[in-house]
Amino acid sequence: MQIVPGAEPLSHDGSRVGVLVQHGFTGHPGSMRGIAERCVEQGWSVRLPRLPGHGTTWQDLNTRTWPEWYAEVAAAFAELRERCDVVVAVGMSMGGSLVTLLAEEQGDALDGLALINPAYKLPDPRLRVVGLAKYVVPSLAGLGDDIKKPGVTEGAYDRTPLRALHSALAMWKQVTRDLPQVTQPVLLLHSPQDHTVHPSNSELFLSRISSTDVTDVVLENSYHVATLDYDAELIEDRIVEFVRRLAGEPAQEGA
């Protein structure tokens, strides 16, 4: 199936420091490309996968399930782990929940976890019937483009496929249950004004993980898709700083 322009994955082999970068639900790699390219500039090895069913059509996504998405993340991680001494995973929204699952399953094999407005639950009461509704209504209005900066789009689908959403909900339930298994150093970047994933998701994450090395950064000038919003440069700077610290590399001058 044809991939929309800008949705191409990125794979770069650099140093023995690896960074896995993951986009979210109904979006595509374009929303995370700035982070990935910034990491490439550092000379690191980088993987930015395109999740199955993303960057094509919402109908394609509606045929996919969360184990397919996680398999793509796990494969990218395995590539980095094989060639790198240090591997850090970065994810936004559902990409954040996918790399959280990776942290829960991989333990010490993953050296750090950086999250941007991660998703673990949606408080919408309509979701309680999505398991039945998916057989009647294939999609609802889209969830994308929650961006404060005018004129910016993430290229997400204009429809939310319900079968795929129901699968995501099942994954979030598992990931939330196992949050105490997260022990890695954590960088959490979250927006207090998020109209897609309620800020309570970040509160839930912080309240349940077992990590003792936690850096909490509030994104005061961005909505949900913060990587394309006013705080994009701040996010990139903090992620570079975080990876450098974990890799034992000196801080950049002026950081």
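Going by average Cβ density within 10 Å per residue, which order do the peptides 169-180, 226-237 take, highest to lowest?
Final packing ranking: 226-237, 169-180.
If you plug each phi of the range 218-226 into the Karplus form 6.51 cos²θ - 1.76 cosθ + 1.60 with θ = phi - 60°, what whole-Hz ³J(HN,Hα) values come out, in order, with x for Gly and Pro?
8, 9, 6, 10, 9, 9, 5, 7, 5
Calculate one ³J(HN,Hα) per residue across the range 93-109 by plugging θ = phi - 60° into the Karplus curve 6.51 cos²θ - 1.76 cosθ + 1.60, and present them in order as whole Hz with x for glycine and proline.
These are the phi-based 3J(HN,Hα) values: 6, 5, x, x, 5, 5, 6, 5, 4, 4, 4, 5, 8, 8, x, 5, 5 Hz.
Sorting Glu241, Glu154, Glu249 by accessible area (1.4 Å probe), largest first, what list results?
Glu241, Glu249, Glu154
So, in the chain, how many Lys pairs have Cα atoms under 23 Å apart, if the pair is 8 or more places apart or on different chains?
On the way: Lys121/Lys134; Lys121/Lys148; Lys121/Lys173; Lys134/Lys173.
Step by step, the pairs that qualify in the chain add up to 4.
If contacts are Cα pairs under 8 angstrom and at least 6 residues apart, what is the relative contact order of the range 10-247 in percent?
Once divided by the residue count of the range 10-247, the mean separation gives 21 percent.
Starting with the highest mean, order 189-198, 77-86, 114-123 by the number of other Cβ atoms within 10 Å, averaged over the residues of each peptide.
114-123, 189-198, 77-86
Under the Karplus relation 6.51 cos²θ - 1.76 cosθ + 1.60, θ = phi - 60°, what is the ordered set of whole-Hz ³J(HN,Hα) values for the range 73-83, x standing for Gly and Pro?
5, 5, 5, 5, 4, 4, 4, 5, 4, 5, 9
Mind ranking 5-11, 161-167, 95-101 by how tightly packed they are, going by the mean number of other C-beta atoms within 10 angstrom, highest first?
95-101, 161-167, 5-11
Can you give me the long-range amide H partners of Ser139? Hydrogens built in the peptide plane at 1.01 Å from N, cutoff under 5 Å, separation of 5 or more residues or another chain.
Excluding prolines and chain starts, which carry no amide H, the hits are Leu162.
Rounded to the nearest 5, what is the percent of antiparallel bridges among the DSSP beta bridges in the range 10-247?
About 20 percent, rounded to the nearest 5.
Name the long-range amide H neighbours of Gly14: under 5 Å, sequence gap of 5 or more, or other chain; modelled H, no Pro or chain starts.
Ser45, Val46
For Glu8 and Asp85, calculate 0.36 nm times their separation in residues minus their Cα-Cα distance, and state this gained length in nm to one decimal. Let's see the in-between values first.
Numbers: separation 77, 0.36 × 77 = 27.72 nm, distance 2.65 nm.
So the extension gain works out to 25.1 nm.
Please state the Cα pair-distance histogram of the range 10-247 with 10 angstrom bins from zero: what percent is in each bin?
8, 36, 39, 15, 2, 0
Can you give the Rg to Rh ratio for the range 2-93, taking only C-alpha atoms and Rh from Kirkwood?
In the range 2-93, Rg relative to Rh is 0.98.
What is the set of long-range amide H partners of Ser191 at a cut-off below 5 Å, with H atoms built 1.01 Å from backbone N?
It is Asn117, Leu219, by chain and number.
If you find the alpha carbon centre of the range 17-43 and of the range 176-237, how far apart are they in angstrom?
The two parts, judged by their Cα centres, are 16 Å apart.
The values are calculated or read from the model by the stated rules, or taken from the named source; none is laboratory data. As the structure is a prediction and not an experimental result, all values here were calculated from the model. Here Cβ is always computed from backbone atoms with ideal geometry, including for glycine, and neighbour counts include all displayed protein chains. Surface accessibility is based on the protein's heavy atoms, side chains included, excluding ligands, DNA and RNA. Shrake-Rupley method; radii C 1.70, N 1.55, O 1.52, S 1.80 Å.
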